[in-house]
Structure formats: structure tokens, C-alpha cells
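In what follows, a single structure is set out as C-alpha cells and then discussed.
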Amino acid sequence: MSGRAWVKNIPNSITFSRVLLFPVLIYLTFREERFLFSWIFFIALLSDILDGLTARILKVQSAFGARVDSIADLLTFFSGIYGILIFEPSFVSDFLPWIIIVLSLYFAEMIYSLIKFSSISSFHTYASRIAAYALGILFMTLFWFGAWSPLLYLSFFLCSFAYVEEIVILFYLKELRPNVRGMYWVWKQNKNVLQS
């Protein structure tokens, strides 16, 4: 393997490790191992930050890496939601309307992308990154300390905003592309193309 080829695989290896953690996390919920689940989930969240950061630092971002990252994000998100259902059922019942709104927007974006482009999106917008960080912090505080209302409502708002933005981006785009910064940049890029 050439010097540059192995460097290109570092972020994808980190992402694949997150994919491999998914069955471990699900197994731990079946075993009701909350403590171990919370720490492995925390590692999965850190790997989500690390793979993208590593790809940007090494300048090896790719459409393949973005798609695999989106799949790993989906699996991590599912394992976190499942962990909350198992370990925090009272949280789910207390905040069910908010959870339904966020999950509905999340799945609406995914389904719309599958219908329009036959693939899930891998936009990684700024809003979705901020929402993912807030959601990760919410999950970890919930697993370790319990729900904290300001963080809870902030996370729900940020996630809702990010998913609505991605739905608008999907509506606006003619072809699916990865690593879109946000609707403003899509609009700005299209405006510049029209003026040329």
C-alpha cells in the first residue's frame, strides 16, 4: 500500500469501528448493561467526531467516506434511541411528543432522500453537526446524570431545525451530493452559477 493510500483509510477505519460497535451496543441493551452501554456509546460518539476531523485534517474526504459515515451515524442514532427506550422508559413517556416530532422529521428526510435519489443523504450540514453534538451530549447526560430540561429542549430544537433544513436542501437539489454545508451555501452556489 502506498504512503498516501493507508492515510486515506484512517478515517474510514474509524467509521467502520463505529459500525462494528452497533451490534455490541444492541447486545448490551439486551443484557441490561447500562454502565457498559453508556461508555461504549460514548466511544461511538467520539469516533463520530474523530473520523470527520481526521478526514478533514488529512484532506482525504470522499463521497464514499461521507456515505459510510452516514450509515454509521444512523446505526449509532438507532442504538442510542434503543438504549433510551430500554434504560430510560420514563424519559420516553415524559417527552414522547417531542421525540415523535424529531424522529418524524429524521425519517421524513431519509425517506424523501430515498424516494428522490434512491440513496440516503450524507449532507453533514453545519446545523446537523451542531444538532448531533447536542444530541450526543443529551444522550450522555441522560445515561449518566438524568434529563436536564434546557439541554433537552435545545437538542430537540436543533435537531428539528437541522432535519427541516435537510428536507429543504433535498427539495432544492437536482442531484444528491455529500458534505453540503447548509441551505445558504446551496442557494449561494446556485445563484453564482446562474449569474455566470
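In this structure, is Phe91 among the aromatic types (Phe, Trp, Tyr), out of contact with any Leu (no Cβ under 7 Å at 6 or more places or on another chain) and in contact (Cβ under 8 Å) with a residue 12 or more places away in the chain? When the stated conditions are applied, Phe91 does not pass them.
How many residues are more than 20 Å from the chain's Cα centre (by Cα) and not in a loop (DSSP other than H, G, I, E, B) when one looks only at the range 172-183?
Within the range 172-183, the first condition is being more than 20 Å from the chain's Cα centre (by Cα), and the residues that meet it are 172-175.
Add one more test, that the residue is not in a loop (DSSP other than H, G, I, E, B), and what stays is 172.
Residues meeting the conditions: 1.
Selection of the range 43-58 for residues being of a type in the set (Gly, Ala, Ser) and either outside any helix (DSSP H, G or I) or under 16 Å from Ile130 (Cβ atoms) (or both) yields only Gly52. The sole residue among Phe143, Phe157 that is of a type outside the set (Val, Ile, Thr), without any contact (Cβ under 8 Å) to a residue 12 or more places away in the chain and surrounded by 14 or more Cβ atoms within 10 Å (Cβ to Cβ) is Phe157. Closer than 29 Å to Ser13 by Cα, charged (D, E, K, R), over 12 Å from the mean Cα position of the chain (by Cα) and assigned to a helix (DSSP H, G or I): does that describe Arg129? No. Scanning the range 66-105 for residues that are among the small types (Gly, Ala, Ser) and crowded, with 18+ Cβ neighbours inside 10 Å returns Ala66, Ser70, Ala72, Ser79, Gly80, Gly83. Working carefully through the options Arg56, Arg67, find the one that is in contact (Cβ under 8 Å) with a residue 60 or more places away in the chain and out of contact with any Leu (no Cβ under 7 Å at 6 or more places or on another chain). Residue meeting the stated conditions: Arg67.
Mind telling me which of the residues Ala127, Ala108 ends up being surrounded by 14 or more Cβ atoms within 10 Å (Cβ to Cβ), farther than 24 Å from Leu46 by Cα and not aromatic (Phe, Trp, Tyr)? Let's see the steps before the verdict.
Numbers: Ala127 fails: farther than 24 Å from Leu46 by Cα.
Testing whether each residue is surrounded by 14 or more Cβ atoms within 10 Å (Cβ to Cβ), farther than 24 Å from Leu46 by Cα and not aromatic (Phe, Trp, Tyr) leaves just Ala108.
The set of residues in the range 82-124 being part of a loop (DSSP other than H, G, I, E, B) and either polar (S, T, N, Q) or closer than 24 Å to Ser38 by Cα (or both) consists of Glu88, Phe95, Ser118, Ser119, Ser121, Ser122. Applying a threshold of 8 Å to beta carbon distances and a minimum spacing of six or more residues, or different chains, the list of pairs starting in the range 103-124 at a residue that is under 21 Å from Gln61 (Cα atoms) and ending at one that is open to solvent by less than 30 Å² (accessible area, probe 1.4 Å) and hydroxyl-bearing (Ser, Thr, Tyr) reads Ser119/Ser113; Ile120/Ser70; Ile120/Ser113; Ser121/Ser70; Ser121/Ser113; Ser122/Ser70; His124/Ser70.
If you check Ala63, Ala44, which single one turns out to be in contact with a Pro (Cβ under 7 Å, 6 or more places away or on another chain) and either surrounded by 12 or more Cβ atoms within 10 Å (Cβ to Cβ) or modelled with pLDDT of 95 or more (or both)? Break it down stepwise before answering.
Working: Ala44 fails: in contact with a Pro (Cβ under 7 Å, 6 or more places away or on another chain).
After applying the criteria, what remains is Ala63.
The values are calculated or read from the model by the stated rules, or taken from the named source; none is laboratory data. Since this is a predicted model, take the numbers as computed values, not measurements. Note that each Cβ is placed from the backbone with ideal geometry, even for glycine, and that neighbours are counted across all protein chains shown. These area figures cover heavy atoms from the full protein model, side chains too; ligands, DNA and RNA do not enter into them. Shrake-Rupley method; radii C 1.70, N 1.55, O 1.52, S 1.80 Å.
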